[in-house]
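K.L.:
If you scroll down you'll find the structure; I have some questions about it.
The values are calculated or read from the model by the stated rules, or taken from the named source; none is laboratory data. None of the values given here were measured: they were computed from a predicted structure. Methodologically, a virtual Cβ is constructed for each residue, glycine included, from the backbone with ideal geometry; neighbour enumeration extends over all protein chains shown. Ligands, DNA and RNA are stripped out before the accessible areas are found, and what is left, the full protein with its side chains, is counted by its heavy atoms. Shrake-Rupley method; radii C 1.70, N 1.55, O 1.52, S 1.80 Å.
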Amino acid sequence: FHPTQALTFKAGAGRGFKAPTLKQLSPEYESRAAMGGRGIIRGNPDLRPETNQSYELGVEYQQRRWSAGATLFHNDVRNLIETVRQPTCYEPRRVCLEYENVARARLKGVELTAGASLLPDWRVDANYTYLDARDRATGERLPDRSRHRANATLTWAALQQLSTRLRVEYIGSQYRSATESERPGYTLLHWYVDYDVNSNLSLH
């Protein structure tokens, strides 16, 4: 709904279905890349597909040189596929994980966005998300999901064919379990260069 040319209200509802991947279903599949190489993940042939009911409500305001928006979201998920730490592991000094279904989960939160053109060749964009993800059967937070995530991107169009972007991304601390301390938050720095060689070829 557009009450004015600059202001937009959005509302949505939907149902979703997500089948497990072949890796998640295969008992022969094994990954040793989890937890910085300390974790071993195995497939589970008993996984059920995820289904979800989602709702969102948002507002966006856009001017010629800047824009801002906010979106509230709420997802009810059945059989959410998660990696779950196993009580024992067959290899010493390793952590064994397995894909399992969370019978009923709820993910809700808010996303805030903003962007502005600082100069003709410079632009900044920012995004922040607050997420509350819980197992509805136990009331506990879902593990390995950050409550707070944010990023900011500064873009410079140096030439008509060449642009570069610097992005700072923050991932907040992650809940693990009632008996373990939270995994600390961290910050990632990304640098991109994009070059249009011609109308058919771009390098990134």
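K.L.:
Looking only at residues that are touching a Lys or Arg at 6+ places or on another chain (Cβ under 6 Å) and part of a strand (DSSP E or B) in region 4-45, which one is nearest to Arg106 (Cα to Cα)?
P.N.:
Ile40
K.L.:
Give region 26-40 a look and list any residue that's touching a residue at least 40 places away in the same chain (Cβ under 8 Å), out of contact with any Asp or Glu (no Cβ under 7 Å at 6 or more places or on another chain) and either farther than 26 Å from Glu98 by Cα or open to solvent by less than 100 Å² (accessible area, probe 1.4 Å) (or both), or say none.
P.N.:
Listed by number, the residues that qualify are Ala34, Met35, Gly39.
K.L.:
Looking at region 82-89, can you tell me whether even one residue there is at positive phi, assigned to a strand (DSSP E or B) and either at pLDDT 90 or above or open to solvent by 50 Å² or more (accessible area, probe 1.4 Å) (or both)?
P.N.:
Within region 82-89, none of the residues are at positive phi, assigned to a strand (DSSP E or B) and either at pLDDT 90 or above or open to solvent by 50 Å² or more (accessible area, probe 1.4 Å) (or both).
K.L.:
Right, here's the next one. Can you find, within region 7-18, the residue that is least open to solvent (accessible area, probe 1.4 Å) among those that are modelled with pLDDT of 95 or more and of a type in the set (A, V, I, L, M, F, W, C)? I'd like the intermediate steps shown before the answer.
P.N.:
Residues of region 7-18 that are modelled with pLDDT of 95 or more, as a first pass: 7-15.
Okay, now just the ones that are also of a type in the set (A, V, I, L, M, F, W, C), so 7, 9, 11, 13.
Working: Leu7: 42, Phe9: 96, Ala11: 86, Ala13: 81 Å².
Top of the filtered list is Leu7.
K.L.:
Related question: Just one of the numbered conditions (1) in a strand (DSSP E or B); (2) out of contact with any Ser or Thr (no Cβ under 8 Å at 6 or more places or on another chain); (3) open to solvent by 50 Å² or more (accessible area, probe 1.4 Å); (4) touching a residue at least 12 places away in the same chain (Cβ under 8 Å) is not true of Arg48; which one?
P.N.:
It is condition (1) that Arg48 fails.
K.L.:
Here are the criteria: (1) of a type in the set (S, T, N, Q); (2) open to solvent by 30 Å² or more (accessible area, probe 1.4 Å); (3) within 12 Å of the chain's Cα centre (by Cα). Tell me which single one Thr113 does not satisfy.
P.N.:
Status for Thr113: all satisfied but (3).
K.L.:
Within region 146-204, which residues are out of contact with any Ser or Thr (no Cβ under 6 Å at 6 or more places or on another chain), closer than 30 Å to Pro87 by Cα, among the charged types (D, E, K, R) and part of a strand (DSSP E or B)?
P.N.:
Within region 146-204, Glu180, Arg183 qualify.
K.L.:
Now for a separate question. From the list Asp135, Asp144, Asp121, Asp125, exactly one residue is open to solvent by less than 40 Å² (accessible area, probe 1.4 Å), of a type in the set (D, E, K, R) and in contact (Cβ under 8 Å) with a residue 12 or more places away in the chain. Which is it?
P.N.:
Asp135
For every residue, the table says whether it meets (1) touching a helix residue (DSSP H, G or I) at 6+ places or on another chain (Cβ under 8 Å); (2) of a type outside the set (S, T, N, Q); (3) closer than 14 Å to Ser67 by Cα; (4) part of a strand (DSSP E or B).
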{"site": "Pro92", "(1), (2), (3), (4)": "no, yes, no, no"}
{"site": "Asn101", "(1), (2), (3), (4)": "no, no, no, yes"}
{"site": "Ala105", "(1), (2), (3), (4)": "no, yes, no, yes"}
{"site": "Leu112", "(1), (2), (3), (4)": "no, yes, yes, yes"}
{"site": "Gly115", "(1), (2), (3), (4)": "no, yes, yes, yes"}
{"site": "Leu118", "(1), (2), (3), (4)": "no, yes, yes, yes"}
{"site": "Val124", "(1), (2), (3), (4)": "no, yes, yes, yes"}
{"site": "Asn127", "(1), (2), (3), (4)": "no, no, yes, yes"}
{"site": "Leu131", "(1), (2), (3), (4)": "no, yes, no, yes"}
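K.L.:
Of everything in region 55-77, what is small (Gly, Ala, Ser) and buried (at least 16 other Cβ atoms within 10 Å of the Cβ)? Give them in sequence order.
P.N.:
Answer for region 55-77, where residues must be small (Gly, Ala, Ser) and buried (at least 16 other Cβ atoms within 10 Å of the Cβ): Gly58, Ser67, Gly69.
K.L.:
Hey, another quick one. Which residue pairs have Cβ atoms closer than 7 Å, lie 6 or more positions apart in sequence or on different chains, and pair a first residue in region 62-85 that is in contact (Cβ under 8 Å) with a residue 40 or more places away in the chain and aromatic (Phe, Trp, Tyr) with a second residue that is buried (at least 17 other Cβ atoms within 10 Å of the Cβ) and part of a strand (DSSP E or B)?
P.N.:
Listed by first residue and then by second, the contacts come to Trp66/Gly115.
K.L.:
Could we say that Lys23 is of a type in the set (Lys, Arg), farther than 30 Å from Val95 by Cβ and surrounded by 11 or more Cβ atoms within 10 Å (Cβ to Cβ) here?
P.N.:
Judged against the criteria, Lys23 is not a match.
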